[in-house]
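Each remark here refers to the structure printed beneath this line.
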Amino acid sequence: MAIVGPEGPTPYIEIYSTLIAMKTALATLLILIGALGAAAADSSSCIDCHAALDDARLANPAKLFPGDIHHQAGLTCADCHGGDPKDASMNAMSRTKGFHSVPKKGLIPDFCARCHSDIAYMHRFNPKMRADQLAQYLTSVHGKRLRQGDTQVAACVDCHGIHNILAVSDSRAPVYPTNVATTCARCHADAAYMKNYKIPTDQVAHYQKSVHARVLSEGDTSAPTCTTCHGNHGATPPGVSSVANVCGTCHAFFAQLFQKSPHQAAFAKMGLPGCVQCHSNHEIVKPSDDWVGVGPKSVCIACHASGDTGYQTAHAMAQDIARLDLSIAQAEGILDTAERKGMEVSGAKLDLASAQEALVKARVSVHTFRDEEIGKLSKQGLEIAARSNQAGVAALAELNFRREGLGIALVTILVAIAGLYLKIRQIESRQKS
Ligand code: HEC
Ligand code: HEC
Ligand code: HEC
Ligand code: HEC
Ligand code: HEC
Ligand code: HEC
Ligand code: HEC
Ligand code: HEC
Ligand code: HEC
């Protein structure tokens, strides 16, 4: 075929080279377009369009998302919501592109669990990640009630947030141990919000006054927060049959003593909880010695009355502890005085430390709810305290003796000086005469 130009037919060779040039230009253009397209996909049409919207409800997700753990893991809006992040038009949110409407509260756990219950998927990102959050959650009061249609309870986003979800190890995360109480307080300390339920709204206020909250706020994360006792997702933490038994996971020795005590069977028969019966569940304070015994602050007299064995035991235990406490204090007083006056009593002080140890053990042994162990410890402690006391008394006596000795020596020297003086005067007057 012949191509006829204005100046007549063009030789084939020329057409051929023009075509090649055009093809190269086209290829370059295609590469350029491709690169532009890739850049657009990278920033995602969802974020670009939403961040520019006036309505905060629509714009905030796009503004918050860069700080979200899901963004950091490389996920996009479309991984959760579906749709086409390459389409810059409203069509990005078309059903045909897999977009689904925002989940209603009742469906949020399933929405999150699409990934979080898929262990193979989750382990691609983090080989240690658990995938039992939904299964656990469904055993909790929150999960059970949500399934019954109650949307006032906590679902995943009420504890973790939404579009600004942080790694649980991030100290700013709402589920980080030191922030958990505040997260629960949003509902559990709001009497108006909780008015349809028959439970109190004082848990957070009580917990804030506890030894546990104080120790945790000082940075010791071995102390429990709400979810340590109530479980992160499930009704109870792993290995605990009921929340009331959770204390033993940390205070193991106390639990062992309680198990062997007469209260174990007696409380079980009456349906009473163990530790919580005397210590309460949320406002756990530092106990004192007057909790034992028969005085007004005793926890025993709530159930035991004068005449029964429990009452007598309580009285005996309290006396044993009080006696030991008093003799340690006395010995300490004497040793301190002796030390202040420069006497060497470090040996006796070291000895007294083991009496102090016996007192600490006696306080723990209250949980045997029998007097034998405390009696034994008290006897040991009293002997040591008496020995220390004696050492202190001896040191003070020694001090007195030294003082007396010093006085006698002083008088002797003075008398000698005076005698010497008289003798010299005598010799001098003899020489003059
Ligand atoms: C061109 C701008 C634009 C783009 C691109 C866009 N959106 Fe939207 N999106 C909107 C507007 C406007 C609304 C509010 C529409 C309405 O209320 O009907 C909205 C609503 C939404 C909603 C809330 C729907 C609801 O039921 O309340 C979600 C979720 C959402 N977009 C996600 C996405 C995702 C995911 C992408 C990317 C795949 C995306 N959007 C891309 C503008 C955009
Ligand atoms: C990890 C999953 C996840 C990702 C990723 C995600 N969203 Fe959402 N989004 C949700 C859930 C769940 C809700 C419903 C929250 C609720 O009802 O409290 C929601 C709600 C919304 C809403 C409705 C807000 C409202 O108050 O009605 C918009 C708009 C939205 N998302 C846009 C986006 C955009 C834009 C992105 C990306 C920047 C994004 N989402 C990324 C899970 C996600
Ligand atoms: C009542 C509050 C609460 C609810 C509801 C909740 N979580 Fe959690 N979540 C936590 C706490 C607390 C942690 C643990 C934080 C830590 O380890 O210090 C946690 C941890 C996680 C972790 C990290 C891995 C792990 O299991 O420890 C993931 C993932 C997670 N939650 C997802 C979910 C999902 C999905 C849901 C909904 C099915 C959900 N959470 C519901 C409080 C909650
Ligand atoms: C599209 C899949 C997907 C969906 C849907 C999803 N997640 Fe995730 N989630 C992930 C991935 C992937 C990670 C990052 C794991 C990693 O890198 O450690 C993650 C991490 C998390 C973490 C941090 C865990 C940690 O180890 O600190 C929490 C908390 C979390 N998601 C909660 C949620 C909640 C709540 C929802 C529902 C609103 C949700 N996720 C929906 C995939 C998803
Ligand atoms: C979004 C609001 C909300 C948040 C946040 C919330 N809860 Fe709840 N929780 C509820 C509601 C509502 C109930 C149902 C009360 C009932 O049925 O007695 C409930 C029930 C409970 C129960 C069972 C009470 C019973 O009846 O024995 C426990 C325990 C509990 N929540 C602990 C927590 C802890 C711990 C946190 C924080 C990690 C928390 N909740 C966060 C709303 C919430
Ligand atoms: C040291 C463990 C422990 C800690 C910490 C703890 N709880 Fe409890 N909580 C309990 C026990 C035990 C019960 C009684 C449960 C039972 O009898 O089954 C209880 C009961 C509850 C109940 C049921 C209603 C009631 O008052 O009896 C709610 C709700 C609750 N706790 C919320 C919280 C919240 C919120 C926090 C954090 C501020 C918290 N708990 C901290 C152990 C704990
Ligand atoms: C997660 C571990 C943990 C759990 C669970 C726990 N505690 Fe504690 N508890 C601690 C730590 C840590 C301290 C502060 C250090 C200490 O004095 O032992 C503490 C302190 C105490 C104290 C004050 C001791 C003192 O001398 O001041 C009492 C009483 C107490 N806890 C009782 C309980 C009871 C009752 C429960 C169950 C309802 C419980 N604890 C659950 C860790 C725990
Ligand atoms: C029948 C009441 C009662 C029960 C049940 C009980 N305690 Fe105690 N607890 C006491 C008394 C009384 C003291 C104070 C002892 C003292 O200081 O002389 C005390 C003290 C403590 C102390 C502080 C000890 C110290 O060194 O000062 C801890 C911790 C403790 N209990 C934990 C527990 C745990 C854990 C349980 C459950 C296994 C439990 N208690 C069950 C009455 C009880
Ligand atoms: C919640 C109620 C309650 C509290 C509080 C309580 N006890 Fe008991 N105790 C019982 C019951 C019930 C029994 C078994 C019935 C009985 O023998 O009286 C029992 C049994 C005993 C026994 C064994 C009695 C016997 O006959 O062998 C002793 C000892 C005892 N308690 C000491 C104490 C001491 C000490 C305290 C305080 C630190 C205390 N109890 C606090 C309810 C309680």
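Please go through the range 354-390 and give me each residue that is in a loop (DSSP other than H, G, I, E, B) and modelled with pLDDT under 95, ordered by number.
Within the range 354-390, the subset in a loop (DSSP other than H, G, I, E, B) is 369-370.
The one that is in a loop (DSSP other than H, G, I, E, B) and modelled with pLDDT under 95: 370.
Of the conditions (1) open to solvent by less than 40 Å² (accessible area, probe 1.4 Å); (2) in contact (Cβ under 8 Å) with a residue 12 or more places away in the chain, residue 267 clears all except one; give me its number.
The single condition residue 267 does not satisfy is (2).
If I ask for residues that are in contact with a Phe, Trp or Tyr (Cβ under 8 Å, 6 or more places away or on another chain), away from ligand 6 (no atom under 16 Å from the Cβ) and under 20 Å from residue 228 (Cα atoms), which ones from the range 122-165 would you list?
Answer for the range 122-165, where residues must be in contact with a Phe, Trp or Tyr (Cβ under 8 Å, 6 or more places away or on another chain), away from ligand 6 (no atom under 16 Å from the Cβ) and under 20 Å from residue 228 (Cα atoms): just 156.
When residue 256 is evaluated against the numbered criteria (1) open to solvent by 70 Å² or more (accessible area, probe 1.4 Å); (2) in contact (Cβ under 8 Å) with a residue 24 or more places away in the chain, which criterion, by number, is the only one it fails?
All conditions are met except number (2).
Considering 260, 297, 269, which residue is out of contact with any Lys or Arg (no Cβ under 8 Å at 6 or more places or on another chain), within 16 Å of ligand 7 (Cβ to nearest atom) and not hydroxyl-bearing (Ser, Thr, Tyr)?
297
Within the range 1-90, which helices (runs of 4 or more DSSP H) (wholly inside it) include 1 or more residues that are at pLDDT 60 or above and surrounded by 14 or more Cβ atoms within 10 Å (Cβ to Cβ)?
Hits in the range 1-90: 45-51, 56-64, 69-72, 77-81.
With the structure loaded, tell me whether residue 131 is of a type in the set (A, V, I, L, M), surrounded by fewer than 17 Cβ atoms within 10 Å (Cβ to Cβ) and touching a Ser or Thr at 6+ places or on another chain (Cβ under 6 Å) or whether it fails that test.
yes
Of all residues in the range 220-248, which are under 8 Å from the mean Cα position of the chain (by Cα), more than 8 Å from ligand 7 (Cβ to nearest atom) and open to solvent by 40 Å² or more (accessible area, probe 1.4 Å)?
Filtering the range 220-248 for residues under 8 Å from the mean Cα position of the chain (by Cα) gives 220-225, 228.
Applying the additional criterion that residues be more than 8 Å from ligand 7 (Cβ to nearest atom) yields 221, 225.
Result: 221, single match.
With the requirement that a residue be assigned to a helix (DSSP H, G or I) and exposed (fewer than 14 other Cβ atoms within 10 Å of the Cβ), what does the range 324-353 give you?
Here is the first cut: in the range 324-353, the ones assigned to a helix (DSSP H, G or I) are 324-340, 346-353.
Passing the criteria: 326, 329, 333, 336, 340, 346, 347, 350, 353.
Hey, could you check the range 279-297 for residues that are assigned to a helix (DSSP H, G or I) and farther than 15 Å from residue 211 by Cα and say which is most open to solvent (accessible area, probe 1.4 Å)?
Initial filter on the range 279-297 (assigned to a helix (DSSP H, G or I)): 279, 289-291.
Cutting the leftovers down to farther than 15 Å from residue 211 by Cα gives us 289-291.
On the way: 289: 50, 290: 71, 291: 52 Å².
Applying the filter and picking the extreme gives 290.
Just wondering, is there one or more residues in the range 93-113 that are more than 15 Å from ligand 2 (Cβ to nearest atom), out of contact with any Asp or Glu (no Cβ under 7 Å at 6 or more places or on another chain), free of Cβ contacts under 8 Å to residues at least 40 places away in the same chain and of a type outside the set (Gly, Ala, Ser)?
There is at least one residue in the range 93-113 that is more than 15 Å from ligand 2 (Cβ to nearest atom), out of contact with any Asp or Glu (no Cβ under 7 Å at 6 or more places or on another chain), free of Cβ contacts under 8 Å to residues at least 40 places away in the same chain and of a type outside the set (Gly, Ala, Ser).
Looking at the structure I just gave you, is residue 411 closer than 22 Å to residue 322 by Cα, at pLDDT 90 or above and out of contact with any Asp or Glu (no Cβ under 7 Å at 6 or more places or on another chain)?
No, not satisfied.
The values are calculated or read from the model by the stated rules, or taken from the named source; none is laboratory data. Computed from a prediction, not measured in an experiment: that's the story for all the values here. FYI the Cβ positions are ideal-geometry reconstructions off the backbone, even for glycines, and counts take in every protein chain you see. The area values use the complete protein model at the heavy-atom level, side chains included, leaving out ligands, DNA and RNA. Shrake-Rupley method; radii C 1.70, N 1.55, O 1.52, S 1.80 Å.
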